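**Student:** Can you read through this structure? Questions will come right after.
The values are calculated or read from the model by the stated rules, or taken from the named source; none is laboratory data. Only a predicted model underlies this, so the values are computations on that prediction, with no experimental measurement involved. Cβ sites come from the backbone with ideal geometry, for glycine too, and all protein chains shown count toward neighbours.
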Amino acid sequence: MAWLVDELVNLRHEVTLFASGDSRTRGELHALWPRALRLGRPRVDPNAACILLIELDRSGLASRPRLRCVHAHINWLHLPALTRSGIPLSKAIGRSN
């Protein structure tokens, strides 16, 4: 994902990345969680990150007019909220961690 974001930035696209705070990107980073969930404490509930994504939509950040597409790598819990935002959504297939 990082390479895709960096190449889109190289092509002069504005890219907003909603990810963990330890992510490295050339786009605009909005940290949803301090560290990647797979690197966190063993008992951290990954659904917490999904709830934060839903709250982004409720706050209007994820539905800003300049966002044209959302690509998600986490669980499915956030899909109904983001679907209502009207922004095209793609989902990674395979492991969700």
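**Student:** Have a look at Arg35, Arg12, Arg26 and point out the one that is on the phi < 0 side of the Ramachandran plot, out of contact with any strand residue (DSSP E or B) (no Cβ under 8 Å at 6 or more places or on another chain) and not in a strand (DSSP E or B). Steps first, answer last, please.
**Tutor:** Numbers: Arg35 fails: out of contact with any strand residue (DSSP E or B) (no Cβ under 8 Å at 6 or more places or on another chain); Arg12 fails: on the phi < 0 side of the Ramachandran plot.
Checking each option against the conditions leaves just Arg26.
**Student:** Something else now. Could you tell me which residue of the range 6-57 is nearest to Pro80 (Cα to Cα), considering only residues that are β-branched (Val, Ile, Thr) and either loosely packed, with under 15 Cβ neighbours inside 10 Å or over 16 Å from the mean Cα position of the chain (by Cα) (or both)? Walk me through how you get there before you give the answer.
**Tutor:** Residues of the range 6-57 β-branched (Val, Ile, Thr): 9, 15-16, 25, 44, 51, 54.
Now narrow it down to the ones that are either loosely packed, with under 15 Cβ neighbours inside 10 Å or over 16 Å from the mean Cα position of the chain (by Cα) (or both): 9, 44, 51.
Details: Val9: 28, Val44: 23, Ile51: 12 Å.
The residue in question is Ile51.
**Student:** Here's a follow-up. Under the condition of being under 17 Å from Trp3 (Cα atoms) and touching a helix residue (DSSP H, G or I) at 6+ places or on another chain (Cβ under 9 Å), which residue from the range 20-56 is modelled with the lowest pLDDT?
**Tutor:** Result: Ser20.
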